[in-house]
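The values are calculated or read from the model by the stated rules, or taken from the named source; none is laboratory data. Just so it is clear, the structure is predicted and the values come from calculations on it, not from any experiment. Don't worry about glycine lacking a Cβ; one is built from the backbone with ideal geometry, like all the others, and counts go over all protein chains shown. With ligands, DNA and RNA removed, areas are computed over all heavy atoms of the protein, side chains included. Shrake-Rupley method; radii C 1.70, N 1.55, O 1.52, S 1.80 Å.
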Amino acid sequence: MVDVSAVPAPIVAYTRNWQQTQWLICANFADTLITVDLPKRASELIISNYQDYPEQLGRVVLRPYEAFILALS
């Protein structure tokens, strides 16, 4: 189980499980940079609205309106 309950208010982060895979959905709805603590797990990027995304999870700085979906290992 991944705990994403402590993210700041303008961030929406949650997980879903489907067919042996856990998915992390994360979105910054603010127009500013926001630092958020995400679980430190290996992941595969599924989709993102920026060309790049954080190399590692853990303490991550999300850019304005950044959103992504990751498949967690």
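Just a few scattered comments:
- Qualifying positions in region 5-23 - aliphatic (A, V, I, L, M) and part of a strand (DSSP E or B): 11, 12, 13
- Scanning region 18-34 for residues that are surrounded by 11 or more Cβ atoms within 10 Å (Cβ to Cβ) and free of Cβ contacts under 8 Å to residues at least 40 places away in the same chain yields a count of 5.
- In region 37-73, residue most open to solvent (accessible area, probe 1.4 Å) [restricted to those that are of a type in the set (A, V, I, L, M, F, W, C) and part of a loop (DSSP other than H, G, I, E, B)]: 42
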